[in-house]
Amino acid sequence: MDVKPIIIENPIRTPEEMAEILGVSLDRVEAVRRIMNAPVRRKKSVVAGKTVGTASLKKSSPSEGRAAKKQ
Amino acid sequence: MPAKRTRSVFLNIPYDAAFETLYLAYIVGLTQLGLRVNAAISVPSQGRLNTIIRLIEQSDSSIHDLSRIETAGGIPRFNMPVELGLALYRSYVTGGKHQVSIFETKRYRAQRSTSDVNGIDPQIHNGTPKGVMSGLRNIFSHDGDVTTVPEMLLCLEAVKTRLPELRRNSGSRSLFETAIFQDLVFAALAESQKLIASRI
């Protein structure tokens with residue numbers, strides 16, 4: 001069976017329009033907007049697929065301190 | 001109320017913690033393509049099977065992810081194939097108006113596990129969000145402004161970064177609950193608006 005692309009004719013809705021379609025209060029949308037617009041407070045750095053910690057908040061452990069001294 | 005009807009898609013995926021990232025990828029990707037996502041968790045349950053049948057009837061198309069139908073604790077997971085069967089019947093009775101798409105992790109596995117649907121070429125996502133987004137872009141083509149796969153992935157990252165706040169806001173213990181599902185849709189749309197605005 002050939003898969004034909006499904007053409008989407010409707011425009012991408014705004015969150016408020018979608019809330020209206022879903023019957024959800026606009027207050028909920030406002031709360032989500034606040035979260036999405038807030039500056040990101042912390043940033044995790046990932047090395048080779050492994051989360052190495054919260055860059056701005058993490059305190060180095062004693063073992064890390066020793067490793068740093070060795071280097 | 002917006003004048004034009006919003007095209008909708010029924011989403012049939014496993015709801016478990018190991019699938020969270022791909023679950024987010026489906027919600028973000030489909031939402032950014034302008035679709036309304038209908039899923040069993042998108043509405044408060046009023047009898048699961050009845051809910052699923054009603055949602056399939058209301059949807060223009062459906063997506064079935066068969067990547068995790070293997071046994072869990074010695075028991076095979078039949079929910080996804082059962083819902084695929086319901087959607088295939090819906091497609092049959094509507095003369096193909098309801099379009100059915102299958103996603104899998106591994107190439108040729110769906111042809112072996114569900115050989116009755118060998119006429120449908122599955123989208124292979126390799127278990128990655130990028131694979132999911134690419135598959136969605138293969139199936140759905142937008143008439144107007146086109147959201148690219150890299151843009152969809154950026155949006156996914158933005159939503160993932162805010163998950164702790166979104167969880168707190170909805171009071172949901174898991175991502176597979178009605179309240180946070182709707183909030184994830186709003187979050188993806190809010191990011192979409194930012195993308196569209198940045199192009200102008």
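The values are calculated or read from the model by the stated rules, or taken from the named source; none is laboratory data. All figures in this text were calculated on a predicted structure; none of them were measured in a lab. When we count neighbours, we look across all protein chains shown, and the Cβ atoms used for this are built from the backbone with ideal geometry, even at glycine. When the accessible area is computed, the model is the full protein with side chains, heavy atoms only, and any ligands, DNA or RNA have been set aside. Shrake-Rupley method; radii C 1.70, N 1.55, O 1.52, S 1.80 Å.
Restricting the range B:96-129 to residues that are within 14 Å of chain A (Cβ to nearest Cβ) and at positive phi, which is farthest from the chain's Cα centre (by Cα)?
Within the range B:96-129, the match that is farthest from the chain's Cα centre (by Cα) is B:Gly96.
Check whether at least one residue in the range B:147-157 is crowded, with 16+ Cβ neighbours inside 10 Å, more than 10 Å from every other protein chain (Cβ to nearest Cβ) and touching a Lys or Arg at 6+ places or on another chain (Cβ under 7 Å), and report yes or no.
The answer is yes, given that some residue of the range B:147-157 is crowded, with 16+ Cβ neighbours inside 10 Å, more than 10 Å from every other protein chain (Cβ to nearest Cβ) and touching a Lys or Arg at 6+ places or on another chain (Cβ under 7 Å).
Restricting to the range B:114-138, count the residues that are open to solvent by 60 Å² or more (accessible area, probe 1.4 Å) and in a helix (DSSP H, G or I).
Counting residues in the range B:114-138 that are open to solvent by 60 Å² or more (accessible area, probe 1.4 Å) and in a helix (DSSP H, G or I) gives 5.
Test each condition in (1) surrounded by fewer than 16 Cβ atoms within 10 Å (Cβ to Cβ); (2) within 9 Å of another protein chain (Cβ to nearest Cβ); (3) at pLDDT below 90 for A:Asn10 and report the one that comes out false.
(1)
Pairs, please: C-beta under 6 Å, at least 6 apart or cross-chain, first residue more than 9 Å from chain B (Cβ to nearest Cβ) and in the range A:23-39, second open to solvent by less than 20 Å² (accessible area, probe 1.4 Å)?
Close Cβ pairs satisfying both conditions: A:Leu26/A:Ala19.
Looking for whichever is open to solvent by less than 70 Å² (accessible area, probe 1.4 Å), at the interface with chain A (Cβ under 8 Å from one of its Cβ atoms) and out of contact with any Gly (no Cβ under 9 Å at 6 or more places or on another chain) here; the options are B:Ser170, B:Ser141, B:Ser174. Which one fits? Lay out the reasoning, then the answer.
Working: B:Ser170 fails: at the interface with chain A (Cβ under 8 Å from one of its Cβ atoms); B:Ser174 fails: at the interface with chain A (Cβ under 8 Å from one of its Cβ atoms).
None of the other options fit; the residue is B:Ser141.
Residue by residue, here is whether (1) at pLDDT 95 or above; (2) under 18 Å from the mean Cα position of the chain (by Cα); (3) closer than 21 Å to A:Arg13 by Cβ holds:
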position	(1), (2), (3)
B:Asp145	no, no, yes
B:Met152	no, yes, yes
B:Glu157	yes, yes, no
B:Lys160	yes, yes, no
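Under 6 Å by Cβ, and 6 or more places apart or on different chains, what pairs join a residue from the range B:179-194 that is within 7 Å of chain A (Cβ to nearest Cβ) and over 14 Å from B:Leu24 (Cα atoms) with one that is at pLDDT 95 or above and surrounded by fewer than 21 Cβ atoms within 10 Å (Cβ to Cβ)?
Short answer, once both residue conditions are applied: B:Ala190/A:Arg33.
Quick one: which helices (runs of 4 or more DSSP H) lie wholly within the range B:1-100 and hold at least 1 residues that are farther than 25 Å from B:Thr128 by Cα?
Result: B:48-58, B:79-93.
Taking B:Leu84 as the residue in question, decide whether it is more than 14 Å from every other protein chain (Cβ to nearest Cβ) and in contact with a Leu (Cβ under 8 Å, 6 or more places away or on another chain).
Taking the combined requirement at face value, the residue satisfies it.
Quick test for you: out of B:Arg36, B:Arg5, B:Arg90, pick the one residue that is open to solvent by 60 Å² or more (accessible area, probe 1.4 Å) and more than 14 Å from chain A (Cβ to nearest Cβ).
Going through B:Arg36, B:Arg5, B:Arg90 in turn, the sole match is B:Arg90.
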